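Trainee: The structure is given below, and queries will be raised subsequently.
What follows draws every value from the coordinates through simple rules; no lab data is involved. These numbers come from a predicted model, not from an experiment. FYI the Cβ positions are ideal-geometry reconstructions off the backbone, even for glycines, and counts take in every protein chain you see.
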């Protein structure tokens, strides 16, 4: 094979010339098209499906054929399917180009500051007028690093396999896109941006800073010395003036990152006088306890996996247009789905997955052990996959059925048990009983769409918690904006972080027992 052949991605209408023999996923990365690959391109999750609109791809090899068993009917896996001639494909989702784009054309806003939440799945930015403190624009874009895996472990592995520069470029590209979209929504340009504070989990911050993340790939998990000040050349690659004061928040400890620190600022936990618990759900769930006597912050992180982000499940995806955020079932057994945007349901977001499992649990189709049962009011919706796995169809769409399988329920159980065990160990380390908590806060995009009752019913939070659970949205983003507005808070937050007690779950002798005891899907 010689020369180059074109591959076109619809509906974005982007064409890129590639060397024959490469994969569709590699072509998507080159084209700047975000095509999530939760398993990091190993062909085992079946989530990076594409349909061939014109042309042909190389016939599936044994690994792709095996991976396709978990994919929707009639698709190919982008991470395994190879290009040999001109072809046009359409990803099952609706990805958009994440190129640098042109600078927003609008009025110059000379008193702007910005906060950025550099998340594993999405990157959000908010612009605030520093004179008035009024928010003027906000936006969120997918993290372009998703093509290297859905979780931080996959991206650590990708960086160690030679993709560190590409991961840094994708992080910068995503931050720039989020800032540009926020500026567009405000009708401003970014020429006069005074300060930007970027809050991210430990791995995201290190990849953005082009630091070696290998120390985070094995125990003890030690974050690299991430540079706090953003260099002028990086600022310019982010589409910002070189004279902008840029800060990357430092991690608290291990996988408890600068995003958790920003969230504690937004939630008023820095000087808490009564016990407060904050849980930021995600692939790496961060847990912060404040106000426990004189002990300051007690923090930990739990490797929940991608289920809370809507990834790694049969019909899962980000909290974007087409995502199911909540499932409702009437007494007659009819199903209603809350969907982002005025479109047909395409996949479950993390909150949609939790809601679906909670409803099926209430109807008796899932028992406390997590086992699915066909008998019940929705029995007609059950089926078996080609491998004989129990599944239920909750909606129909153009790409087949929106289904939930027994494997998806198990993925949620693993995520749930990891977070619940982490909460128990943090409370124990802080000497606080669940009934003593004065405030329980749930943060993140997941939390903003979640019904807190589902967390109680599925046992994610201890049943002894007496206070209402409050969803605080993207507290990391709000905290980053607050720190950008008042840079003197950065040093104060840093002092609090340095004095924090870190609960390393890998070394906690009681963690495994807590983990095993937390798998049941019922109030505990």
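Trainee: Stretched out fully, how many nm does the piece from residue 232 to residue 510 gain, at 0.36 nm a residue minus the Cα gap?
Mentor: This chain segment gains 95.4 nm when fully extended.
Trainee: Starting from a Cα-only point model with no solvent, please compute log10 I(q)/I(0) by Debye for the range 375-446 at q = 0.15, 0.17, 0.25 1/Å.
Mentor: Result of the Debye calculation: -0.73, -0.80, -1.18.
Trainee: Taking the Cα of residue 111, stepping 7 Å toward and past its beta carbon, and measuring to each backbone N in the range 180-205: which are under 11 Å?
Mentor: Output list for this probe position: empty.
Trainee: Further question: Extension gain residue 344-residue 19, at 0.36 nm per residue separation less the Cα-Cα distance, in nm?
Mentor: Result for the pair: 113.3 nm of gain on full extension.
Trainee: Dividing the convex hull volume of the Cα atoms of the range 107-248 by its residue count, what figure in Å³ per residue is obtained?
Mentor: Here the figure is 90 Å³ per residue.
Trainee: Can I ask one more? Place the peptides 292-303, 266-277 in order of packing, highest mean first, counting for every residue the other Cβ atoms within 10 Å and averaging per peptide.
Mentor: For the peptides 292-303, 266-277, the packing ranking is 292-303, 266-277.
Trainee: With each pseudo-label sitting 7 Å past Cα toward Cβ, what's the residue 225-residue 428 distance in nm, one decimal?
Mentor: Modelled inter-label distance: 3.6 nm.
Trainee: Another one. Which three numbers, in whole Å and largest first, are the semi-axes of the equivalent ellipsoid of the range 327-447 derived from its Cα gyration tensor as √(5λ)?
Mentor: 30, 18, 14
Trainee: Quote to one decimal, in nm, the extra length available between residue 52 and residue 30 on full extension: 0.36 nm per residue of separation minus the C-alpha distance between them.
Mentor: 6.1 nm
Trainee: I've got another one for you. With label points built 7 Å along Cα→Cβ from the Cα atoms of residue 438 and residue 522, find their separation and express it in nm.
Mentor: 3.5 nm
Trainee: Next up: List the relative contact order of the chain as a percent without decimals, with contacts defined as Cα pairs under 8 Å and 6+ residues apart.
Mentor: The value is 14 percent.
Trainee: Any number yet on Rg/Rh for the range 178-318, C-alpha, Kirkwood?
Mentor: Rounded to two decimals, Rg/Rh equals 1.01.
Trainee: Taking a ≥ b ≥ c as the square roots of the Cα gyration tensor eigenvalues, with a/c under 1.5 meaning rounded and otherwise prolate when a/b beats b/c, else oblate, which class fits the range 5-91?
Mentor: Judged from the Cα gyration tensor, the range 5-91 comes out prolate (a/c at least 1.5, a/b above b/c).
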